[in-house]
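Read-outs throughout are calculated quantities, based only on the coordinates presented, and are distinct from any laboratory measurement. What you see is a predicted model; the values in this text were computed from it and never measured. Every residue, glycine as well, gets a Cβ built from its backbone with ideal geometry; the counts of neighbours run over all protein chains shown.
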Amino acid sequence: MKVKNIIDSFNYAIKGILYAIRTQRNMKIHYMIGMIVVLGSLFSKISKMELIVLCITIGLVIITEMINTAIEAAIDLTVDAYHPLAKIAKDVSAGAVLISAVNAVIVGYVIFFDEVSIVTEKVLNKIRNTMLHTTFISFFIVVMVVVSIKVYIGKGTPLRGGMPSGHTAVAFSILTSISFMSSNTIVIILCFLMALLVAQSRVDANVHTIFQVMMGALLGTFITVLFFQMIY
């Protein structure tokens with residue numbers, strides 16, 4: 001379609017952005033995380049140069065995801081059956097998104113690590129001596145609450161599907177317990193990444209929706225924090 005003027009060009013570009021956000025799950029995730037990081041940077045003490053690098057990095061992730069979406073759409077339009085070259089094109093474009101995402105994680109780690117480390121230490125120092133058995137009790141309570149909610153709602157099974165995601169609730173419960181007991185920020189960050197991988201795996205396997213996974217994460221975190229605070 002021929003673009004008549006600059007306004008039409010902007011309209012087509014905005015439509016493309018909105019289409020990617022509406023239809024691509026990963027694009028929604030990148031967009032949400034990017035917004036959270038940018039808003040969080042407003043309350044931190046990062047420099048203007050660090051903010052510029054952060055915005056460029058976030059933009060790179062979103063751009064590569066949109067290019068990946070465009071390549072997949074073009075291939076699906078022109079190829080009706082499986083073709084090894086089509087697979088290579090899709091895999092390479094997906095790899096570009098992965099590299100940009102890993103790069104974003106590294107940039108965020110370098111920029112925010114000092115501030116996150118200081119805040120984490122202040123919070124953990126208050127309740128680091130909580131008894132170990134609290135972890136197992138909170139873990140058991142999280143499992144029981146998840147099963148009870150699934151039975152009440154009547155969708156899915158105790159171990160698969162339904163609201164909320166039990167695997168994610170348990171993963172974030174364990175993450176929260178380790179956060180209270182450990183003084184090592186690196187360990188906590190690694191556990192957080194593992195919990196995110198558990199949540200992502202449930203979505204990728206089409207077992208849970210993003211909302212169910214988010215509710216599971218909030219439930220597991222809230223119950224564990226509440227239990228640790230009660231004992232403390």
Taking into account only those residues within the stretch 165-207 that are farther than 16 Å from SER138 by Cβ and of a type in the set (S, T, N, Q), which is farthest from the chain's Cα centre (by Cα)?
SER183
Only one residue in SER201, SER179 is among the small types (Gly, Ala, Ser), assigned to a helix (DSSP H, G or I) and surrounded by 17 or more Cβ atoms within 10 Å (Cβ to Cβ), so which one is that?
SER179
Say whether the condition of being hydroxyl-bearing (Ser, Thr, Tyr) and exposed (fewer than 11 other Cβ atoms within 10 Å of the Cβ) is met by at least one residue in the stretch 101-118.
no
Give the residues of the stretch 14-55 that are of a type in the set (Lys, Arg) and surrounded by fewer than 13 Cβ atoms within 10 Å (Cβ to Cβ), sorted by residue number.
LYS15, ARG22, ARG25, LYS45, LYS48
VAL61 being surrounded by fewer than 15 Cβ atoms within 10 Å (Cβ to Cβ), within 25 Å of LEU196 (Cα to Cα) and in contact with a helix residue (DSSP H, G or I) (Cβ under 9 Å, 6 or more places away or on another chain)
no
